[in-house]
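Report on the following structure.
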Amino acid sequence: MDAQRDPAEEIPTLDQARRQIQHYGLDSDPQAVLVAVRLMAAGARLGQASEVHFSRFGLSTGRYRLLSDLEDSEGEKSPSLLAASLGVSRATVSGLVDSLEKDGLVLRRPSAEDGRGAVVVLTARGAQKLRDLAPDHFRRLQAMVADLSIEERTVFLDLLSRITRGIGALTDQ
């Protein structure tokens, strides 16, 4: 299958990366820079596409991830554990829970383990939302990577894991 390439996937080029590095008088590997820049661009495009995708179901990517995390946690989890597993702040979780609670997809209740704390619980309506979107969602995910062989997906998962471990290079002081 001859897939059509999006010109945005090829920008910047390796020559552009070389010129920029030379312009600043740096001793950086142009190919490494190019991989990182294109990955960042792909991540941004994927984030935008995810928001369009989940909006079909009345959700955002964050709201879906929280619902899915709750489902994976047997239907309930503390806000702090949600924040940790989603990689977001407690304030972000609070906002997501507020909006999901308003829609009847989750509810808050006192923790059975810690009477002072609360847990977020996936409601029957929230579980049904996940069941309703699953066929289209997983079909689209599979279609997104359909041009990759099983072997390529295996290599990609390994590479993605290694790149993810390197993300701290952007945030470390």
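Results, tabulated for the structure shown:
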{"read-out": "Segment residue 155-residue 48, extension gain: residue separation times 0.36 nm, minus the distance between their alpha carbons", "value": "36.0 nm"}
{"read-out": "Loop-resident sites, segment 48-142, for trypsin sites (Lys or Arg not before Pro), counting at most 12 other Cβ within 10 Å (DSSP)", "value": "56, 116"}
{"read-out": "Computed accessible area, residue 21, all protein chains, 1.4 angstrom probe, square angstrom", "value": "20 Å²"}
{"read-out": "Heavy-atom accessible surface of the chain: percent carbon and sulfur, 1.4 Å", "value": "56 percent"}
{"read-out": "Theoretical FRET efficiency, 1/(1+(r/R0)^6), r = Cβ-Cβ of residue 143 and residue 19, R0 25 Å, to 0.05", "value": "0.10"}
{"read-out": "Cβ charges +1 (Lys, Arg) and -1 (Asp, Glu), total dipole of the chain, debye", "value": "520 debye"}
{"read-out": "Kyte-Doolittle mean at least -1.0, axial Cα span of 30 Å or more - DSSP H helices of the chain", "value": "30-55"}
{"read-out": "Rounded FRET efficiency, nearest 0.05, which uses the C-beta distance separating residue 28 from residue 108 and R0 of 45 Å", "value": "0.40"}
{"read-out": "Stretch in the chain that is longest and holds no GluC sites (Glu not before Pro) that DSSP places in a loop and that have at most 14 other beta carbons within 10 Å", "value": "1-73"}
{"read-out": "Calculated [θ] (222 nm, deg cm²/dmol) that DSSP helices of n ≥ 4 give over the chain, each run adding -39,500 (n - 2.57)", "value": "-20500 deg cm²/dmol"}
{"read-out": "Per residue, in Å², the accessible surface of segment 1-101 once ligands and nucleic acids are set aside, probe 1.4 Å", "value": "65 Å²"}
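The values are calculated or read from the model by the stated rules, or taken from the named source; none is laboratory data. Owing to the predicted nature of the structure, the values given are computational and were not obtained by experimental measurement. Here the Cβ is made from the backbone with ideal geometry for all residues, glycine too, and neighbour counts use every protein chain on show. Accessible surface is based on the protein model in full, side chains and every heavy atom, while ligands, DNA and RNA are left aside. Shrake-Rupley method; radii C 1.70, N 1.55, O 1.52, S 1.80 Å.
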